[in-house]
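Contents: one structure, followed by commentary.
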Amino acid sequence: MYKIVDKKILNPTVIQLLIEAPLVAKKAKPGQFIILRVDEDGERIPLTVAGTNPENGTVKIIFQVVGATTKKLSYKEQGDCIQDFVGPLGVPTHLNGLKKVCIVGGGVGCAIALPIAEALHAMNAEVTSIIGFRNKDLLILENEFKACSDTLRVMTDDGSYSEKGNVTLPLKEMLEAGERFDMIITIGPLVMMKYVVATAKPYGTPVTVSMNPIMIDGTGMCGGCRLTLNVDGKKVTKFACVDGPDFNGYEIDFDEAMSRGRMYGEFERHKYEETCNLYQKEVQ
Amino acid sequence: MANMNPKRNEMPTQDASVRAHNFNEVALGYSEQTAIDEANRCLNCKNMPCVSGCPVKIHIPEFIGKIKEGDFEAAYQIITKSSSLPAVCGRVCPQETQCESKCVRGIKGESVGIGRLERFVADWHNTFCTEEPTRPQSNGHKVAIVGSGPSGLTCAGDLAKKGYDVTVYEALHTPGGVLVYGIPEFRLPKAIVAKEVETLKKLGVKIETNIVIGKTLTVDELFEMGYEAVFIGSGAGLPNFMGIPGESLNGVYSANEFLTRSNLMKSYRDNPETPIMKGGKVAVVGGGNVAMDAARTALRLGADKVYIVYRRSMEELPARREEVEHAEEEGIEFCLLCNPVEIIGYNNPNDARDPKNRFVTGITCVRMELGEPDARGRRKPIAVPNSEFTIDVDTVVMAIGTSPNPLIKSTTEGLDVNPRGCIVVNEDGLTSRSAVYAGGDAVTGAATVISAMGAGKIAAQAIDKAISE
């Protein structure tokens, strides 16, 4: 069992937990992920590590309530335990040698982008961060990004805070104005990452994307997280859990990944409603 | 008096029409009377050919002798001297190609049902014996085991019995490896695996779940933690795909994923937490035991129709005969001499957002014929030109083997692997790294539970010898 030592509600649907997991805290690097189960018989879900404290032995996770499992997790309080917590899994984000980087985060993906921005900042790289949210209420981690970015652009889809528009807008503007980056690292919804890649393409800037497909074991055993990559005109299958989660954005078949992500859509909607009803009954 | 009936006592099973719709065990086990009757068929041969066919060298005539006397607990004690997992082996060992294939009674009739007797004895012990195994005196030496599958548990059990302080590291949340994620409930009830694991814990074996060696901890760190030897039994690894178009469509699974969802994640239950595609028509590609397990699981999950698609003929089918027979009885259709060339998905040309898009609708195969035998003597299948046809299915399960997992190799300096990626060991199970041993599928590639147990056993002996010298 793994204890929740701190809980913070970042916005109405995004929650931050500090989990006591000393071995994971000692090892995890930016870009790696963990797999957890909330309770016995629960499903295994992957979440990218949002930070670690090796001294206290805690791992920070930030998640959005999107389905039954994250709903159940959101009801856990400080002092409660979760059943299983394993990691760090996957390959850390490659940061070596990067001098000037643009980080593009969308929604809860910003939580995963933050440790990467912080690591780059600590390496004295020049960090430009573009973070986007649907609206003002969903904004998270603005101050944290401010602290580690040389330039920060905050976007909201509806313009209820800062600039109106999606994250590709300032990215395009900067690239058009002649800004050049060693690398664009983008983390967020698949459709957003797809358009970040499309925006960067005319300028030939390398793009790293962080994939988060459905997975079970996280060690390569099940193959459920497979992605199709287009490498020099050849289709190659890769497993996000062991080969990723970071990939060259130009090689990813995003449409396929989006479709695979929806494979259990109906089941998940049903399960989510059932979980909500169950907790409502308990409250009554 | 020896029982000279040329036929062995039949194993009682659930009726095929009933069991095809439930996950309860298919084989029901011998009664005490049947077990004694079957035991009496053993001639107690002096040269014990059966023992030579057993990878862990169980004293077979000796335990059968105790069954004859009705002393089932004594029979159990004889088996456990050689095997750490008797209730498991009695169920999943391919006895027909091992101990039973050497049985003298098999020359003019059917061999003694050794596997069935082993299972009977183990189940009898688990039901009636309340005596706890005694924890041996500690010898103060620490050994780490990587993976809690059959090889790891065997190695752990044998070392614990000798007084070693053994810790088993498991990547998943439940110990048992392939015994819990791979082999289905109807062939090996999970309660039996849990019971065997409990027995090991009572011997003093510690099991740490949720630790991935190569990620959470490395082999080198295990030595820093004071372990004097490490045994790697990390299993088979990454699932293979055919590399044909359509393998990433929704509804295509590797057998590992399909079975893990059903077995480990319990999606066979009503209202599960983990989803799995149930019902419809299912094609399972492959002809091994894993393919049979996947096909029979699909059937029990509610499939209307299940096909096994295999590129050779029934004669070359590598699965155990008993499993093939069970599958046929349950109504699984064998499409033999068929090889998939493409998996077809739904595509609504008028609506890119149609939720059915990219879900499997069929599998296109070519007919095959058998050509000349290859180096291993198996006749090579050759595609018949222009013989393509499509089977309508909703789910495809690829059960065509696995490739070794590179996690440990890539984080353990000096650990040699062969060109296929399997860890290289000597006859003692010792790898190219001193005090690092390995066995099971990580060394051999996908093989059987019992051969993995045999490897765990050999490594345990070698580890004991190396440390005590």
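Each residue in the range A:247-275 was checked for being open to solvent by 50 Å² or more (accessible area, probe 1.4 Å), at pLDDT 95 or above and within 17 Å of B:PRO245 (Cα to Cα), and 0 pass.
Given the options A:VAL38, A:VAL24, A:VAL14, name the one that is aliphatic (A, V, I, L, M) and more than 26 Å from A:GLU268 (Cβ to Cβ). Reasoning before the result, please.
Details: A:VAL38 fails: more than 26 Å from A:GLU268 (Cβ to Cβ); A:VAL14 fails: more than 26 Å from A:GLU268 (Cβ to Cβ).
The match here is A:VAL24.
The strands (runs of 3 or more DSSP E) found entirely in the range A:1-53 that carry 2 or more residues being away from chain B (no Cβ under 13 Å) are A:2-11, A:14-20, A:45-53. Whenever a residue of the range A:100-115 is touching a residue at least 24 places away in the same chain (Cβ under 8 Å) and under 15 Å from A:MET211 (Cα atoms), its partners that are open to solvent by 10 Å² or more (accessible area, probe 1.4 Å) and assigned to a helix (DSSP H, G or I), lying with C-beta atoms within less than 6 angstrom and at least six residues away or across chains, give the pairs A:GLY106/A:MET192.
Inspect all residues belonging to the range A:101-116 and state whether any of them is more than 30 Å from A:THR219 (Cβ to Cβ) and more than 14 Å from every other protein chain (Cβ to nearest Cβ). Give the steps one after another, and end with the answer.
First, the residues of the range A:101-116 that are more than 30 Å from A:THR219 (Cβ to Cβ): A:102.
Going one step further and asking which of them are more than 14 Å from every other protein chain (Cβ to nearest Cβ), we end up with A:102.
Yes, because at least one residue in the range A:101-116 is more than 30 Å from A:THR219 (Cβ to Cβ) and more than 14 Å from every other protein chain (Cβ to nearest Cβ).
If only one of B:VAL143, B:VAL92, B:VAL104 is among the aliphatic types (A, V, I, L, M), touching a helix residue (DSSP H, G or I) at 6+ places or on another chain (Cβ under 8 Å) and open to solvent by less than 10 Å² (accessible area, probe 1.4 Å), which one is it? Working first, answer last.
Numbers: B:VAL92 fails: open to solvent by less than 10 Å² (accessible area, probe 1.4 Å); B:VAL104 fails: open to solvent by less than 10 Å² (accessible area, probe 1.4 Å).
Result: B:VAL143 is the single residue among B:VAL143, B:VAL92, B:VAL104 that is among the aliphatic types (A, V, I, L, M), touching a helix residue (DSSP H, G or I) at 6+ places or on another chain (Cβ under 8 Å) and open to solvent by less than 10 Å² (accessible area, probe 1.4 Å).
At least 1 residues being without any contact (Cβ under 8 Å) to a residue 40 or more places away in the chain and within 14 Å of chain B (Cβ to nearest Cβ) is the threshold, and among the helices (runs of 4 or more DSSP H) wholly inside the range A:194-284 those reaching it are A:254-261, A:265-283.
Taking the conditions exactly as written (away from chain A (no Cβ under 14 Å), at pLDDT 95 or above, open to solvent by 20 Å² or more (accessible area, probe 1.4 Å) and within 23 Å of B:PRO239 (Cα to Cα)), does B:PHE334 satisfy them or not? Give the derivation first.
Numbers: away from chain A (no Cβ under 14 Å): yes; at pLDDT 95 or above: yes; open to solvent by 20 Å² or more (accessible area, probe 1.4 Å): yes; within 23 Å of B:PRO239 (Cα to Cα): yes.
Criteria met by B:PHE334.
Yes or no: B:LEU370 away from every other protein chain (no Cβ under 14 Å) and at pLDDT below 95? Judged against the criteria, B:LEU370 is a match. Candidates are the residues of the range B:261-289 that are over 21 Å from B:PRO239 (Cβ atoms) and free of Cβ contacts under 8 Å to residues at least 24 places away in the same chain; the one that is nearest to the other protein chains (Cβ to nearest Cβ) is B:GLU273. Among the residues making up the range B:368-423, those that are among the β-branched types (Val, Ile, Thr) and either open to solvent by less than 40 Å² (accessible area, probe 1.4 Å) or touching a residue at least 40 places away in the same chain (Cβ under 8 Å) (or both) are B:THR390, B:ILE391, B:VAL393, B:THR395, B:VAL396, B:VAL397, B:ILE400, B:THR402, B:ILE408, B:THR411, B:THR412, B:ILE423. The residue that is surrounded by the most Cβ atoms within 10 Å (Cβ to Cβ), counting only those in the range B:107-135 that are outside any loop (DSSP other than H, G, I, E, B) and among the small types (Gly, Ala, Ser), is B:ALA122. Here the condition is being in contact with a strand residue (DSSP E or B) (Cβ under 7 Å, 6 or more places away or on another chain) and farther than 28 Å from A:HIS270 by Cα; of B:MET314, B:MET277, it holds for B:MET314 alone.
Scanning the range B:351-383 for residues that are closer than 17 Å to B:GLY287 by Cα, of a type outside the set (D, E, K, R) and part of a loop (DSSP other than H, G, I, E, B) gives no hits. Scanning the range A:85-97 turns up no residue that is crowded, with 18+ Cβ neighbours inside 10 Å, within 22 Å of A:MET183 (Cβ to Cβ) and of a type in the set (Phe, Trp, Tyr). Inclusion of B:GLY214 among residues that are open to solvent by less than 20 Å² (accessible area, probe 1.4 Å), within 14 Å of chain A (Cβ to nearest Cβ) and more than 15 Å from the chain's Cα centre (by Cα) is warranted. Do any residues in the range A:61-72 that are without any contact (Cβ under 8 Å) to a residue 40 or more places away in the chain and within 14 Å of another protein chain (Cβ to nearest Cβ) have Cβ atoms under 6 Å from those of residues that are open to solvent by 30 Å² or more (accessible area, probe 1.4 Å) and among the acidic types (Asp, Glu), where the two are at least six apart or on different chains, and which pairs are they? Listed by first residue and then by second, the contacts come to A:THR69/A:GLU43. Might you check whether a residue that is in the same structural domain as B:ILE232 (by TED's automatic domain parsing), assigned to a helix (DSSP H, G or I) and of a type outside the set (A, V, I, L, M) occurs anywhere in the range B:423-440? Among the residues of the range B:423-440, not one is in the same structural domain as B:ILE232 (by TED's automatic domain parsing), assigned to a helix (DSSP H, G or I) and of a type outside the set (A, V, I, L, M), which makes the answer no.
Scanning the range B:169-184 for residues that are facing another protein chain (nearest Cβ under 10 Å) and hydroxyl-bearing (Ser, Thr, Tyr) gives B:THR174, B:TYR181.
Residues in the range B:368-397 that are under 29 Å from A:GLY224 (Cα atoms) and over 29 Å from the mean Cα position of the chain (by Cα): B:GLU388, B:PHE389, B:THR390, B:ILE391, B:ASP392.
Would it be correct to say that B:THR154 is assigned to a helix (DSSP H, G or I), open to solvent by less than 10 Å² (accessible area, probe 1.4 Å) and out of contact with any Phe, Trp or Tyr (no Cβ under 7 Å at 6 or more places or on another chain)? Spelling it out, B:THR154 is indeed assigned to a helix (DSSP H, G or I), open to solvent by less than 10 Å² (accessible area, probe 1.4 Å) and out of contact with any Phe, Trp or Tyr (no Cβ under 7 Å at 6 or more places or on another chain).
Does the range B:409-422 contain at least one residue that is touching a strand residue (DSSP E or B) at 6+ places or on another chain (Cβ under 7 Å) and more than 14 Å from chain A (Cβ to nearest Cβ)? Steps first, please.
Initial filter on the range B:409-422 (touching a strand residue (DSSP E or B) at 6+ places or on another chain (Cβ under 7 Å)): B:409, B:415, B:417, B:421.
Now drop any that are not more than 14 Å from chain A (Cβ to nearest Cβ), which leaves B:415, B:417.
Yes, the range B:409-422 contains at least one residue that is touching a strand residue (DSSP E or B) at 6+ places or on another chain (Cβ under 7 Å) and more than 14 Å from chain A (Cβ to nearest Cβ).
Please work out which residue is nearest to A:GLY107 (Cα to Cα), limiting yourself to the range A:128-145 and to residues that are among the β-branched types (Val, Ile, Thr) and surrounded by 24 or more Cβ atoms within 10 Å (Cβ to Cβ). Per the criteria, the residue is A:ILE131.
Let's see how each residue does on (1) open to solvent by 10 Å² or more (accessible area, probe 1.4 Å); (2) within 14 Å of chain A (Cβ to nearest Cβ); (3) more than 28 Å from A:PHE33 (Cβ to Cβ):
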| position | (1), (2), (3) |
| --- | --- |
| B:PHE186 | no, no, yes |
| B:LYS190 | yes, yes, no |
| B:LYS195 | yes, no, yes |
| B:ASN210 | no, yes, no |
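The values are calculated or read from the model by the stated rules, or taken from the named source; none is laboratory data. Being a predicted model, the structure only gives us computed values, none of them experimental. Every residue, glycine as well, gets a Cβ built from its backbone with ideal geometry; the counts of neighbours run over all protein chains shown. Surface accessibility is based on the protein's heavy atoms, side chains included, excluding ligands, DNA and RNA. Shrake-Rupley method; radii C 1.70, N 1.55, O 1.52, S 1.80 Å.
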